[in-house]
Amino acid sequence: MTTSVPEPLLALSGVNTFYGQAQVHFDLSITVARGHIVCLLGGNASGKSTTMKIILGLVKPRSGEVTFDGASLIGLATPQIVRRGIASVPEARRLFADMSVRENILMGAFVRNDRDAVAQDLDRMLTLFPKLGQRLSQRAGSLSGGEQQMVAMARALMSRPRMIVMDEPTMGLSPLYVDRVLELIRTINQEGVSVFMVEQNASLALEIAHEAYVLQTGKIVLSGPARALKDDPRVRDAYLGGSEAA
Amino acid sequence: MSSWLDYTINGLIVGNVYALVAVGLALIFGVSRLINFAQGSIYLVGAYIGWVAVVQLHTPLPLTIIVVAAAAAVVGLVIERFGLRPLQNSVRIAPLLATIGISFVLDQLVMLTFSPNPRALPSQLPDVRFQLGGGTIGPLDLLIAGVGITSALLLFVFLRYSKLGWAVRAASQDRDAAMQMGVDVNRVNQAVFGIAAALGGVSGMLVGMYYNQIDTAMSLQATLKGVVAEVVGGAGNVPGAVIGSLLLGLVESYGVAVFGTSYRNLFAFLLLVVVLVLRPNGLFASARQAPPEPLTGTFIAPSRPVRIPRWALAVAAAIFAVLPFFPVSFYVLQTLINAWLLGMLALSLTLVAGTVGQVSLGHAALLAIGAYTSALLSLTLSVPVGLAVIGGGLMSAALGTLLISPSFRLRGHYVSIATLAIGEIVSLVILNWEGVTRGPIGISGIPPLSLFGYDLISPSSVYWFSFAVMVVLALLQGRLLTSHLGRSFRAIRDDDIAARAYGLSLNRYKSLAFIFGGFAAGVSGGIAAHLYSYINHETFNTQQSILALTVVILGGLGNVVGAILGSVALVGLPEVFRIAAEYRILIYGIVLLLLVRFRPQGLLGTI
């Protein structure tokens, strides 16, 4: 477990974040290795979603450094960060409800100018998410939660990102779709896209992640290879409901 | 005009003109959740640029349209870049107030450049009318319809097929998500402000040609009509704005057909209030997501109020109380009397807008109700003036609260729109209810102030009277704010959902605030009526509502001492510096803009 970690693609180091007077992150450091799935676990109000927002430039940290592929992201606006190769699947999907499914997926390619390749990628998405084929001209807001999650993932992939950040991708989905989403995250990752995901459902997340971090009230309290964390009694007690979880 | 077909054609043509304004408002609201009160000013600018092009440069019509569209678009881009973009991270009310300030500045600049006198704007089209069924239609009607339909088609193509158009749609549905797709929201804002301004400018020019007359009063009217049409159609909904505009045009035209010209605007605002009450999201609102959080809370800039020791306030009050004993000029006393009257209005507004968070843009209506009640009580029923003024206050409290109550379930910007409309309705009812209010003639010969049989005619007695009334109202309001009731008011402002969850009845507390505030404003209006001895439906106008709002923001929202300080400053400083009257509104607009940008909490801070 010590030698196999490749060079980091994304690195947060010493990040301190504040909302007004309240400190959200305390000296936060997280790295996502190239080609890995990294999962950030934590309960409510632990600062998970804010971590996503820091990476995407939606919230600015008061101090600390965020680098992507060796270059700093601090001070960049969200659209510029997206152009560097980070795509997002936001919390609760956040589709463009009044636009069609096709338009939603194509919005993911907003930063690209290669029309023909975009059209090919749209076809590729329909093989990856076959269910969306019949839904293309439907209003995105009329889809079920699980279908919306598929659209959100397809939309993120359309920018040909090097990394996808996902905020609670399984939240509010039926068990059937939860498995499907996790399966898809693994597939996406195998095609070479690094994944950083924030999750509350620790047992599922640790199934597919390479590494994981546990965030508690803004501090990293545990980190390491997912397999090791899964067996860690502290994680089991806090997040996996004691010994019932497999 | 005679036949119903004529009224229908007129309604649709006017509706087309409104649509050009409303579509721009809808685009801007969609992307920024902002009601752009400067839209009417751009329309005004468009009309005057059209006048320069046609009358002075003799441009042919197609070129005139292009020149107006391009010049108005530039104005829109400048507003977005320098007026609104710096406020991106401010409190939600800041951009709204900024657009009000910008509209004051633009209107006044146009007035100073071209003089307030109306000008003729010839249409350059042959003056013939074609028979169409039972009605007639002229080339200008066809031009307006053509411009309306062409603009709608161009806009449709832009939104549906261009990349920037997609960005506009995405940003208006979910701004954050659009940014995460790589959309540059600043460019989107630029695009919608440019388009909205181009359409608005062309609309102003067409209206000028339609009535063959332009003047600076067009601005506020256009903003109001555009806002009505947009809200009727569903705020932020572009096709809805078009349908809302046509509907508004027809309702007005038929209203005029049945009741006469002076009822035109009354029907417009009644339509707005009916829609706001029955379908606050507009007629064509889709079941869209709730507006982005926070709904309230950050609406008002939070700050630490400046603490002023009681003894200092007492000393200041004592100095002002003994002022008439010193050899001060009549002019100084007169200025301060105006300040005390404005102070009462500001006390009322700072309670309603600052403490309870209901930013009213129609507060002058409360003055009008108080003034008319007091004037009519003393004139027709011979009620002693002192009692009549109190009667004016009570009537303002009762009627004002009753009129505003349909808007209690609205929030944020919608409260501002509803109060603006209610203010206009009050003024229009006064204009049209001739049996009681004497209509456009107004009321003259109102008896002077008197108390227990003694006439208050000397400047110092009027000064003492108005000062004393204001101080009593201020003390009462100060007590109110420190009481349990005051805490409940602030709770509603800061988070109405949480307040409701704690069992506060919003309607009851909002009513209480409007009753108290209505009384203060009504008393101010009553005193003013007896001072002026003549009032009409335009004595208490929207400009006064906005002036009061500027005063309240200058002093610090919710701040009692701030309201009075703000009144003295805004009434007194222009006098001190001998600023000519026509520049004052310009200065108020600039003060509002600077405050919003650099000191949103006001001089003494919000409470």
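The values are calculated or read from the model by the stated rules, or taken from the named source; none is laboratory data. Treat the numbers as computed from the prediction; the structure is a model and nothing was measured. Reconstructed Cβ throughout: ideal geometry from the backbone, glycine too, with neighbour counts over all protein chains shown. Heads up: the accessible areas ignore ligands, DNA and RNA and are worked out on the full protein's heavy atoms, side chains in. Shrake-Rupley method; radii C 1.70, N 1.55, O 1.52, S 1.80 Å.
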Binned Cα-Cα distances of the range A:1-109, short to long, each 5 Å bin given as a whole percent: 2, 10, 19, 21, 19, 14, 9, 4, 1, 0
Dipole axis of the range B:462-582 (+1 Lys, Arg; -1 Asp, Glu on Cβ), positive-most option in B:Leu506, B:Val462, B:Ala580: B:Leu506
Alpha carbon centroid spacing (whole Å) that separates the range B:366-433 from the range B:537-590: 21
Net charge dipole size for chain B [Lys, Arg +1 and Asp, Glu -1 on Cβ; Debye, nearest 20]: 1480
Principal semi-axes in Å for the protein assembly as shown [√(5λ), Cα gyration tensor, largest first]: 54, 36, 22
Cα-only radius of gyration and Dmax that characterise the range A:66-114, units Å: 13.0, 38
At 1.306 mPa s and 10 °C, Stokes D of the range B:310-598 from Kirkwood alpha-carbon radius, µm² per second: 83
Sites B:Tyr532 and B:Val52 - FRET efficiency at Förster radius 41 Å, r taken between beta-carbons, to 0.05: 0.60
Order of exposure, largest accessible area first, which applies to B:Ile28, B:Ile65 with probe 1.4 Å: B:Ile65, B:Ile28
Whole-number D in µm² s⁻¹ for chain B, Kirkwood Cα-pair radius fed into Stokes-Einstein, 25 °C, 0.890 mPa s: 98
The range B:214-269: radius of gyration over Cα atoms, expressed as a fraction of 2.2 N^0.38 Å: 1.15
FRET efficiency, 1/(1 + (r/R0)^6) with R0 60 Å, evaluated for B:Leu278 and B:Ile457 via beta carbons: 0.75
Mean residue ellipticity (222 nm) of chain B, computed from DSSP H runs ≥ 4 via -39,500 (n - 2.57), nearest 500: -23000 deg cm²/dmol
Net charge dipole size for the range B:415-553 [Lys, Arg +1 and Asp, Glu -1 on Cβ; Debye, nearest 20]: 500
Translational D in µm²/s for the range B:484-568 (Stokes-Einstein at 20 °C, 1.002 mPa s, Kirkwood Rh from C-alpha pairs): 144
Prolate/oblate/rounded call for the range B:53-100, Cα gyration tensor, a/c under 1.5 rounded: prolate
Taking all pairs of distinct alpha-carbon atoms in the range B:1-144, Kirkwood radius in angstrom: 17.3
Sequence of B:Tyr43, B:Tyr532, B:Tyr454, B:Tyr414 when ordered by accessible area, the most exposed leading, probe 1.4 angstrom: B:Tyr454, B:Tyr532, B:Tyr414, B:Tyr43
Under 26 Å from the Cα of A:Lys60 - lysines, other chains or at least 8 residues apart: A:Lys48, A:Lys219
Enclosed volume per residue, in Å³, of the convex hull spanned by Cα atoms of the range B:443-597: 154
Which of B:Gln180, B:Ile93, B:Thr59, positive extreme of dipole for the range B:4-278 (C-beta unit charges): B:Gln180
Sequence-distant residues sharing a close amide H with A:Leu9 (under 5 Å, placed H): A:Val32, A:Ala33, A:Arg34
Amide H partners (placed H, <5 Å) of A:Val24, local residues excluded: A:Thr17, A:Phe18, A:Tyr19
Unit Cα scatterers, Debye sum, the range B:4-278: log10 I(q)/I(0) for q = 0.09, 0.12, 0.14 Å⁻¹: -0.39, -0.71, -0.97
Inter-probe distance in nm under a simple model that places probes 7 Å from Cα toward Cβ, at B:Thr482 and A:Ala228: 6.2
Net charge dipole size for the protein assembly as shown [Lys, Arg +1 and Asp, Glu -1 on Cβ; Debye, nearest 20]: 780
Lysines with Cα under 29 Å of B:Lys510, excluding same-chain neighbours fewer than 8 positions away: B:Lys225
Relative frequency of Cα-Cα separations exceeding 20 Å in the range B:296-438, percent: 61
Kirkwood-type radius of chain A, with distances r between different C-alpha atoms, in Å: 18.4
Three semi-axes of the equivalent ellipsoid, the range A:95-160, Cα gyration tensor, whole Å, largest first: 18, 12, 10
Cα gyration tensor of the range B:117-186 - equivalent ellipsoid semi-axes, whole Å, descending: 41, 16, 9
Spatial separation of Cα centroids for the range A:176-193 and the range B:307-356, in angstrom: 69
Contour minus Cα-Cα distance for B:Arg409 and B:Ile441 (0.36 nm per residue): 7.9 nm
Built amide H within the under 5 Å cut-off of A:Val89, gap 5+: A:Val165, A:Met166, A:Asp167
Inter-label distance, nm, simple model (7 Å from Cα along the C-beta direction), A:Asn113/A:Ser100: 2.7
Peptide A:80-86, shielding by other chains (average Cβ, 10 Å cutoff): 2
A:Lys48 accessible area, assembled protein chains, probe 1.4 Å, Å²: 10
Pair A:Arg124, A:Gln216: separation of 7 Å Cα→Cβ label points (nm): 4.2
Scaled radius of gyration (Cα, divided by 2.2 N^0.38 Å) that the range A:113-243 gives: 1.19
From phi via Karplus (6.51, -1.76, 1.60), per-residue ³J(HN,Hα) for the range B:348-359 in Hz, x at Gly/Pro: 4, 6, 5, 6, 6, 7, x, 6, 9, x, 9, 6
3J(HN,Hα) from dihedral phi, the range B:250-261, Karplus parametrisation 6.51/-1.76/1.60, rounded to Hz, x for glycine, proline: 5, 4, 5, 5, 5, x, 5, 4, 8, 10, x, 4
Distance from the range B:448-526 to the range A:53-69 (C-alpha centre basis), Å: 48
In order through the range A:214-231: 3J(HN,Hα) via Karplus (6.51 cos²θ - 1.76 cosθ + 1.60), integer Hz, x for Gly, Pro: 10, 9, 10, 6, x, 10, 6, 9, 8, 7, x, x, 4, 4, 5, 5, 4, 8
Extension gain (nm, one decimal) between B:Leu504 and B:Thr113, 0.36 nm per residue minus Cα-Cα: 135.6 nm
